[in-house]
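The values are calculated or read from the model by the stated rules, or taken from the named source; none is laboratory data. Fair warning: this is a prediction, and the values are worked out from it, not measured in the lab. Here the Cβ is made from the backbone with ideal geometry for all residues, glycine too, and neighbour counts use every protein chain on show.
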Amino acid sequence: MQNILSKQEYKEVLNRIQLLLNKSRQGIRNDEILEITQLRQKASQFEREFYDLTISDKSLHQTG
């Protein structure tokens with residue numbers, strides 16, 4: 001599974017998920033369920049990396 005590298009790719013993934021979910025009225029195939037799951041994982045990973053505002057370098061938090 002290739003990581004999302006840009007906001008544009010992220011938007012494309014979200015649009016694809018939405019398209020597949022909208023199809024649910026017609027019935028989603030097993031391979032589409034797998035695709036939705038993989039796309040959601042990719043989107044979640046991008047969100048964690050892009051929107052993580054925590055600072056892991058504790059030396060930046062030291063005072064005095």
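Taking each residue of region 27-45 that is under 13 Å from R16 (Cβ atoms) and in contact (Cβ under 8 Å) with a residue 12 or more places away in the chain and looking for partners that are surrounded by 15 or more Cβ atoms within 10 Å (Cβ to Cβ) and aromatic (F, W, Y) with beta-carbon atoms closer than 9 Å, six or more apart or interchain, yields K42/Y10; A43/Y10.
Filtering region 10-30 to residues that are modelled with pLDDT under 95 and either in contact with a Gly (Cβ under 6 Å, 6 or more places away or on another chain) or charged (D, E, K, R) (or both) leaves K23, R25, R29. All conditions but one from (1) hydrophobic (A, V, I, L, M, F, W, C); (2) within 17 Å of the chain's Cα centre (by Cα); (3) modelled with pLDDT under 95; (4) surrounded by 11 or more Cβ atoms within 10 Å (Cβ to Cβ) apply to L53; the one that does not is (4). For the criterion of being on the phi < 0 side of the Ramachandran plot and not in a helix (DSSP H, G or I), I4 passes.
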